[in-house]
Every structure is written in C-alpha cells, then in structure tokens.
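Peer 1: Okay, here's the structure, questions in a sec.
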Amino acid sequence: MNPVPAPIRASPALVRIFPFALFVLLTALQPWVPETGMYWVYLLKTILVGAILWALRPLISEMRWIVSWEAVLMGVAVFVLWVKLGDITRAAGLGSFGEWRVSGRSWNPAALFGRGSTAAIFFLFVRVVGSTFVVPPMEEVFFRSFLSRYIAKPDFQSIPIGQFLWTPFVVTSLVFGFEHREWLAGILCGLAYQGLVCWKKRLGDAITAHAITNALLGYWVITKGQWQFW
C-alpha cells in the first residue's frame, strides 16, 4: 500500500512539496503537546516522512545520494560555520544577531528523561537518524529541486537541475535560512548547498553534504551539551 495519495503522486510539484509540508506541519504541533509528547511527534514525523520519501523515490529521479569529495568538504565546512558563527558575531559586538529570539522548551531528552536513560538514548538516536537521513533529502528536494526552479519558471521541470539564475539562487537561500533559528548561518548554508548543486549540476552531492553537516551537528549537540542547535 502506497502511503502517498494518488493525486499527490500524479503531480510533479506535489511529490516534492508534500513531504516537506507534512514535516513542517507536524513540527508546528510539537509546542502544543505535553513535553514528553514532542519527542513522540518527532519520532512520528521521522517515520512517516521517511516512508513517504522512500515511496516517492521512483517519482523523484534527482533524489539520489552521491558521495563526492566536494560533498564531504562542504558538509564539514558548513558544520564548522554553523557552530562558530554565533561566537564570531558576539565577538564582533553584534550580540545574538543572526538568531531568532525564540522561547519555549528546549529539545533535550537527557534533561527530561535522565542522562543515560533508555528513553533519552532512544530519542537522541531518533533525532540523529531523522536529521541525518530524512531531513536532507526532504529539504534538498523541496528547496533546491522544486522551489529554486519554480521561482525561475512555474513549469519547473523545464529548468535543468543546477542551472544558475540569480533570483532563484538568492531567494531560495533566504527562505531556507529564515526557517532556522540560526537564520544567518542558515542563509550561508543555503548558499553553500545551492552553490554545490549549481557546480555539480545534480542534487545528490547537496543531499550528502547536508547529511554530513547534520550528523556532525548532532554529535556536537550531544557531546557538548549545545542543545540550542536543536
């Protein structure tokens, strides 16, 4: 049984929008559930969107992971940028410039369930798996395959993957950045991934780079206790 409704499967645009939209919708629900519930919501959206992406693979030909030295270097470089940019802006006297001021619960299962507890380990594992294997293909397909080409032309499939056009290049990176708490780092990250797609003329390197960034960030968050990055 295919988890994606037929009308969505029939639309080249919707197959690229639907996983991202569903993930965002479920993310928006997290603050409204009990504190333990937000971890279960993350598990739900990871499994659900992961299954949807898997089912949509035949319909999204560009969603193929590609490991290259450019992807590895870009992934590591963006990780370093992400964790160090805040220190640079504060050292420059800019305070928290580049970050949204948000309130609410932090994503820290170790504090809620107890460090070393089975529940904490499980939900840390879920977060790392979700951010490494589900979020990268989902976001790269939406932003770099669909949105950037749709901005160029509503008949987005007539635009080759990786064609450089200034307006889509900048607008897509801005939208990508502003969806993150660290919006300045997000914009620079978006420019980097978009540039990689334009350079290699394919999406797979950006998916891999994004996954490497998120995996390293997960390691950093857990080992350094820098929960604000999640």
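The values are calculated or read from the model by the stated rules, or taken from the named source; none is laboratory data. Note that the structure is a prediction, hence the values are computed from the model and not measured. Because the Cβ atoms are built from the backbone with ideal geometry, glycine has one as well, and the counts that use them run over all protein chains shown. Accessible surface areas use protein heavy atoms only, side chains included; no ligands, DNA or RNA. Shrake-Rupley method; radii C 1.70, N 1.55, O 1.52, S 1.80 Å.
Peer 1: Of all the stretches in the chain, which is the longest one without any exposed loop site, taking trypsin sites (Lys or Arg not before Pro) in a DSSP loop (any state but H, G, I, E, B) with at most 11 other Cβ atoms within 10 Å?
Peer 2: So the longest stretch without any such site is 116-230.
Peer 1: Work out from phi, with θ = phi - 60° and the Karplus expression 6.51 cos²θ - 1.76 cosθ + 1.60, the ³J(HN,Hα) of each residue of region 44-52, listed in order in whole Hz, and give x for Gly and Pro.
Peer 2: 4, 6, 5, 5, 5, 5, x, 5, 5
Peer 1: In addition: From the alpha carbon gyration tensor of region 1-60, can you work out the equivalent ellipsoid semi-axes (sqrt of 5 times each eigenvalue) and give them in Å, largest to smallest?
Peer 2: They are 25, 11, 8 Å, listed from largest to smallest.
Peer 1: Also, quick follow-up: Tell me, rounded to the nearest percent, the portion of alpha carbon pairs in the chain spaced more than 32 Å apart.
Peer 2: Cα-Cα pairs of the chain separated by over 32 Å account for 19 percent.
Peer 1: Could I ask something else about it? For q values of 0.11, 0.15 Å⁻¹, compute log₁₀ I(q)/I(0) with the Debye formula on a Cα-only model of region 152-230, without solvent.
Peer 2: Taken in order of the listed q values, log10 I(q)/I(0) reads -0.34, -0.59.
Peer 1: When only C-alpha pairs under 8 Å and at least 6 residues apart count, what is the relative contact order of the chain, in percent?
Peer 2: 27 percent
Peer 1: Based on Cα coordinates alone, diagonalise the gyration tensor for region 76-161, multiply each eigenvalue by 5, take square roots, and list the semi-axes in whole Å, largest first.
Peer 2: Ellipsoid half-lengths, sorted descending, are 32, 23, 12 Å.
Peer 1: I need the per residue convex hull volume for region 150-192, using only the alpha carbons, in cubic angstrom as a whole number.
Peer 2: In region 150-192, the Cα hull volume divided by residue count equals 65 Å³.
Peer 1: Give me the extension gain from Q157 to R64: residue separation times 0.36 nm, minus the current Cα-Cα distance, reported in nm with one decimal.
Peer 2: Gain in length upon complete extension: 31.8 nm.
Peer 1: Give a quick list of chymotrypsin sites (Phe, Trp or Tyr not before Pro) in region 1-107 that DSSP marks as loop, anything other than H, G, I, E or B, with at most 13 other Cβ atoms within 10 Å.
Peer 2: Hits after loop and neighbour filter: F97, W100.
Peer 1: Further, regarding this structure: For K200, which lysines qualify as cross-link partners when the Cα separation must be under 23 Å and same-chain residues fewer than eight apart are set aside?
Peer 2: K153
Peer 1: Once Rh is set to the Kirkwood radius over Cα pairs, what Stokes-Einstein translational diffusion coefficient, in µm²/s, holds for region 100-223 at a temperature of 20 °C and a viscosity of 1.002 mPa s?
Peer 2: Translational D for this selection: 137 µm²/s.
Peer 1: Could you state the accessible area per residue of the chain in Å², with a 1.4 Å probe and every protein chain left in place?
Peer 2: 49 Å²
Peer 1: Radius of gyration and Dmax for region 25-145's Cα atoms, expressed in Å?
Peer 2: Using the Cα atoms of region 25-145, the pair Rg, Dmax is 17.3, 50 Å.
Peer 1: If you roll a 1.4 angstrom probe over the protein chains with everything in place, what fraction of the accessible area of the chain belongs to carbon and sulfur, to the nearest %?
Peer 2: 69 percent
Peer 1: What full-extension length gain, to one decimal in nm, is calculated for L43 and I88 as 0.36 nm per residue of separation minus the Cα-Cα distance?
Peer 2: 12.8 nm
Peer 1: When Lys and Arg each count +1 and Asp and Glu each count -1, what net charge do the other residues less than 13 Å away from Y42, Cβ to Cβ, add up to?
Peer 2: Residues close to Y42 contribute a combined charge of +2.
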